[in-house]
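Okay, structure first, notes after.
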Amino acid sequence: MLSYMSAKEAAEKWNISQRRVAILCGEKRIDGAMMVGNMWIIPSSAEKPVDKRTVRYEKEHQIVLKPFVKWVGGKGQLIDELEKMLPDSGEKTLTKYCEPMVGGGALLFNVLSKYDFAELYISDINPELINAYNVIKTDVAGLISRLQEMQMVFLPMDDNGRKFYYYSVRDKFNSVVLTEATAVEKAAYFIFLNKTCFNGLYRVNRKGQFNVPMGAYKNPTICDEENLLNISKVLQNVTIVCGDYSLAKSFIDKETFVYLDPPYRPISETSAFTSYNADAFDDAEQIRLSKFIDEINTTGAKIVLRRFDKELKTYGFTNEF
Ligand SMILES: C[S@@+](CC[C@H](N)C(=O)[O-])C[C@H]1O[C@@H](n2cnc3c(N)ncnc32)[C@H](O)[C@@H]1O
């Protein structure tokens, strides 16, 4: 005997709104759906209909893009959860993507691999990280050649040689003041240090100097040429901004998907790894962020916040949680 589910159950199963299920039933896009009284019932075996609006944004030839640096908080465990909301919010198509605290971009690169958003905006407060994004966008060949040189010198060395090389790069990185002329050099140091330092951490002291010790990787990939070339292609369509997340405000409108992944709240004064730059993301910062979310929420954007307890909180979706 055929079993049926309610519109509510279908909505939960397919992760779309009940209203959307009703629209799909009304458009006869779900085989076997029937109106009983004033309610839709749907065969339990029915598949979620392919949403034409989503397909429009799916790339025909998807390329696998990986973050080019390891980054705290960028593990991507929540990607599956987040992807269910993209790029269709269940009610209307989202054409713009905004990630104002992009870090290593675990979600960004997943999105760029799969979807063609019309406009994308990323930012971060960390100037070295944003310089690396900009250099990959504008001079990927220069960056690859510099990283390959470093890789060729570093990998064949013994432990002592590697240590000497690592700390001399770290000293140079800390002494180079970022200018247009040094942008490629600094991006290469930044990526080299990220790939060879302890756990891929980015931590700076009070003077803003990178102070992570060398890691113990046997054969780190310092230059992933293919990935960098692919990233460079997709970044051509992305606005990259160095600065506070609040600068994203003018970009955000009702067609925008916004993903906010702030640094964790420091547990104590000395909890070092929350500190991506000289300023930690303390309670005052958390409150400022919640006010910003209230402001952008008025635009009708779909917003997802990753909270420091690692849960996701959504705004502007039909099924908020
Ligand atoms: C938890 S990490 C983001 C991780 C990211 N989702 C990933 O996949 O790697 C938080 C990021 O927020 C950035 N950040 C901190 N304060 C900021 C601010 N006021 N405006 C913009 N970015 C900020 C940090 O530099 C860091 O890269």
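Values in this text are rule-based calculations from the coordinates and carry no lab data. Please read all numbers here as calculations on a predicted model, not as lab measurements. FYI the Cβ positions are ideal-geometry reconstructions off the backbone, even for glycines, and counts take in every protein chain you see.
Observations on the model:
- Only DSSP H runs of four or more residues enter the estimate; each adds -39500 (n - 2.57), and after division by the residues of the chain the mean residue ellipticity at 222 nm equals -11000 deg cm²/dmol.
- Whole-number percent relative contact order across the chain, with pairs defined as alpha carbons under 8 Å at least 6 apart: 19 percent
- Region 204-262: trypsin sites (Lys or Arg not before Pro) in DSSP coil with no more than 16 other Cβ atoms inside 10 Å: R206, K207, K218, K254
- GNM flexibility winner over the chain from G32, G73, G215 (Cα, springs under 10 Å): G32
- Counting only lysines at least 8 places from K163 when in the same chain, those with an alpha carbon closer than 30 Å to its own are K66, K70, K75, K172, K186, K195, K207, K218.
- Here the calculated FRET efficiency for S250 and E83, from their Cβ-Cβ distance with R0 = 25 Å, stands at 0.40, rounded to the nearest 0.05.
- Compactness of region 139-224, expressed as Rg and Dmax over alpha-carbon positions, Å: 12.4, 34
- Extended-chain gain in nm, criterion 0.36 nm per residue less alpha-carbon gap, D224 and L312: 28.5 nm
- Under 16 Å from the E285 label point (7 Å along Cα→beta-carbon), backbone N, region 127-153: 127-130
- Cα long-axis angle, helix 225-235 against the chain (0 to 90 degrees, to the nearest 10): 60 degrees
- Volume in Å³ per residue [convex hull over Cα atoms, computed for the chain]: 160 Å³
- Virtual spin-label span in nm between R206 and K233, 7 Å along Cα→Cβ: 4.9 nm
- Here each label is just a point 7 Å from Cα along the line to Cβ, and for N160 and Q148 those points are 3.2 nm apart.
- Candidates Q209, Q18, Q62, ranked by Gaussian network fluctuation over the chain, Cα under 10 Å, top entry: Q62
- Among Y165, Y97, Y259: highest mean-square fluctuation, GNM of the chain, C-alpha pairs under 10 Å: Y165
- Where both bridge residues fall in the chain, DSSP classifies roughly 45% of the beta bridges as antiparallel.
- When each of the peptides 157-163, 104-110 is scored by how many other beta carbons lie within 10 Å of its residues on average, the order from highest to lowest is 104-110, 157-163.
- Residues S44 and S175, FRET efficiency given R0 of 56 Å [Cβ-Cβ distance, rounded to 0.05]: 0.30
- GluC sites (Glu not before Pro) restricted to DSSP loop in region 139-212 with at most 13 other C-beta within 10 Å: E180
- About its Cα centre, the chain has a charge dipole of approximately 200 debye under the convention of +1 per Lys or Arg Cβ and -1 per Asp or Glu Cβ, with nothing else charged.
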